[in-house]
Amino acid sequence: MKSYQQTFAELKKQDRAALIPFFVIGDPDFDTSLTLLKTAIDAGADVLELGIPFSDPIADGPTIQKADIRAMRSGMSLARALEFIRQIKGHKDIPIGLLMYYNLIQQYGRERFFQDFHEAGVNSVLVADLSIDDAEEVTGPARAAGLDTVFMVTPNTAPERMQRIASQTTGFIYTVSLLGVTGSRQALSGTVEGLIRQLKGLTSIPVCVGFGVSQPEHARSLAQAGADGVIIGSRLVTMIESHLNAPSAAREEIALFLRQVKAVLSHRPPKRCPSGESATQ
Amino acid sequence: MKHSGRFGQFGGYYVPEVLIPALEELEEAFDRFHEDPAFVAELAQLFRHYAGRPSPLYHAKRFSAHVGFQVYLKREDLLHGGAHKINNSLGQGLLAKYMGKTKLIAETGAGQHGLATAMVGALLGMETKIFMGVTDIERQSVNVHKMRLCGAEVVPVEGGTGTLKDAINDALRYWTANVTDTFYLFGSAAGPHPYPTIVKHFQSCIGTEARQQCLEQAGRLPDLVVACVGGGSNAIGMFAGFVDDKNVRLVGVEAGGKGLETGKHAASLSAGKVGILHGAKAYLLQDENGQVLDTESISAGLDYAAVGPEHCYLKDTGRARYVAAVDDDVLDTFELLTRLEGILPALESTHALAYLAGLQGKLPPTTIAVANLSGRGDKDVGIVEKARNQ
């Protein structure tokens, strides 16, 4: 099973950031979701960040909330998610991080949850509603099962908490670009580059950035600011939502978009062109 | 955080990292100000002259004669705004002012907490947004008008079933994005630490007064103290006055909706399993996968899938007992109290009275029961009429 360490080491040699698309497992249904995920992998995804639908996703904006509802209505459950992940791993061995809410893990049973999902091919589980203060509730069973740990840092996280978060993290730090919930934004937050620099100064763990990242331009500037990975969710989920009756159109749009993003993930500074467009590849 | 916010295994603060600084700031401010003499004096002044505290304890003699034992009603319905919610909104609103915050947000179910917060927002000159589910906006439209008249913005929430849980979800999301200048004035004794502790503190005046008033009027402590429980703010405030009196039985009455066996109810303590919602570990109505279930109750204020963590602890330790009253019995009791005493109780509070009505003839006549009449029922007249015409 491919590890985060292997993936980020390979990317370091290529001097570029990881392309990390986010999807809700089973949105809008099991089979379509699987096809779309394979498309994303074939378009160059380096890591997958996958959401498990929850009835009350308080860290998510309207786009992901609707995706959760679609996935739940089509019968997605933790048991089906295991099968889904096995099929993804059958397509390609790619690191998978889950992003989910704590109650689902509690009800499944913590130890059994981490064992079963590690066996299915999951590398890490980020619990959206669990802060570093209660991290030991999951780090023990996660590490025992062989999983890496991933935690969030936000623009208002105090420096000493950042240090604690970095010390508990073995996979990558999920850096939230802004104060707010998930969702596409027109512009990146002005504070995110400083945040990346701050984190890079205190840890060698990869720093990936998500929330509000919706344009190739955003990805380009994050990669150039030193981000080790760029997580794009709501923009992709919107593509599913706008083509619910034409999954092949969603597939084409997602593939095209991810290829555009993939092309601008170099860490190297751009050469200036007269048009203002940068040519990094 | 300085404190764990645990009540036994319950409570805590299961929230996204982004909310931690705001909860830490709130905990620190509460620790600093809640016993500060200037803060205490200002709040006492507001309680007395703005809200109308102390509220009376009324020996409801005709209702007592009907049930066959002595029932005393703690008249929180007589407070400004018509419910106990003003206690907590004044307390937290003042805390927001001492913290230098200028904007308030709140969730509301029946609209009583939203109204109390809108009033306090007007009083303190703060910009106020109230998140309210679309179902609740429809069934509690009078309160929506009142909130708007006080200058608050009522934000309709469409997610889920458009009730209290969904309003809390969106209020938390909004807070996440506006956490630096906005104070979340949480209305229930639920949610992440430090809210259950703060809400209990500002509501404990109910129980403290009731205990003193019962001693004065009846010459002894009550045998039984009853309050309705949704999230549990009025009940925890009432119980706070009696929890150390081991011979006083505490009973919380949840929303039994159409009956526990139908699954259409909001009785988290009676029928839920331990889970995590809105930042706290508590009894939660959920399916076998851990998805939170839709709830149903004739009273918007009790229509909630979880419950305050301290109630969970009181249940598990056996210090309090929790039962449920079904909608039909609540409607009967609403009419009963109105006819016998000329008091319109809120449908929420009527759950506590319905439990007492169910004990008719089963207790010695000298038994003393104190029930929290947490709000007035003017807002519910249309609902009762509609239910009776069906």
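Here is a yes/no grid of residues against (1) assigned to a strand (DSSP E or B); (2) in contact (Cβ under 8 Å) with a residue 12 or more places away in the chain:
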position	(1), (2)
B:ALA235	no, yes
B:MET238	no, yes
B:LYS246	no, no
B:VAL251	yes, yes
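Listed here are the residues, each with its yes/no results for (1) in contact (Cβ under 8 Å) with a residue 12 or more places away in the chain; (2) surrounded by 24 or more Cβ atoms within 10 Å (Cβ to Cβ).
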site	(1), (2)
B:LEU90	yes, yes
B:GLY93	yes, yes
B:GLY100	no, no
B:LEU104	yes, yes
B:GLN112	yes, yes
B:LEU115	yes, yes
B:ALA118	yes, yes
B:ALA122	yes, no
Picked from the stretch B:162-189 (must be hydroxyl-bearing (Ser, Thr, Tyr) and over 20 Å from the mean Cα position of the chain (by Cα)), the residue nearest to B:ALA110 (Cα to Cα) is B:TYR174
Single residue of B:ARG6, B:ARG62 found to be at pLDDT 95 or above and within 14 Å of chain A (Cβ to nearest Cβ)
B:ARG6
Any residue at all in the stretch B:267-285 that's touching a strand residue (DSSP E or B) at 6+ places or on another chain (Cβ under 8 Å), assigned to a loop (DSSP other than H, G, I, E, B) and over 23 Å from A:TYR108 (Cα atoms)?
no
How many residues are at negative phi, away from chain B (no Cβ under 14 Å) and not acidic (Asp, Glu) when one looks only at the stretch A:120-161?
13
Quick one: in the stretch A:73-96, of everything that is farther than 15 Å from A:LEU34 by Cβ and touching a residue at least 24 places away in the same chain (Cβ under 8 Å), which residue is farthest from the chain's Cα centre (by Cα)?
A:LEU78
For the stretch A:179-193, pairs from a residue that is surrounded by 22 or more Cβ atoms within 10 Å (Cβ to Cβ) to a residue that is of a type in the set (Asp, Glu), with Cβ under 6 Å and 6 or more apart or across chains, are A:VAL181/A:ASP60; A:THR182/A:ASP60
Note on the stretch A:80-123: residues hydroxyl-bearing (Ser, Thr, Tyr) and under 22 Å from A:PRO28 (Cβ atoms) are A:TYR101
Pair list, Cβ < 6 Å and 6+ apart or interchain, from the stretch B:186-206 residues that are assigned by TED's automatic domain parsing to the domain that holds B:ALA106 to residues that are surrounded by fewer than 24 Cβ atoms within 10 Å (Cβ to Cβ) and of a type in the set (Lys, Arg):
B:ALA189/B:LYS200
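The values are calculated or read from the model by the stated rules, or taken from the named source; none is laboratory data. Everything quoted here is computed from the prediction, not taken from an experiment. Positions of Cβ are generated from backbone atoms using ideal geometry, with glycine treated the same way; all protein chains shown enter the neighbour counts.
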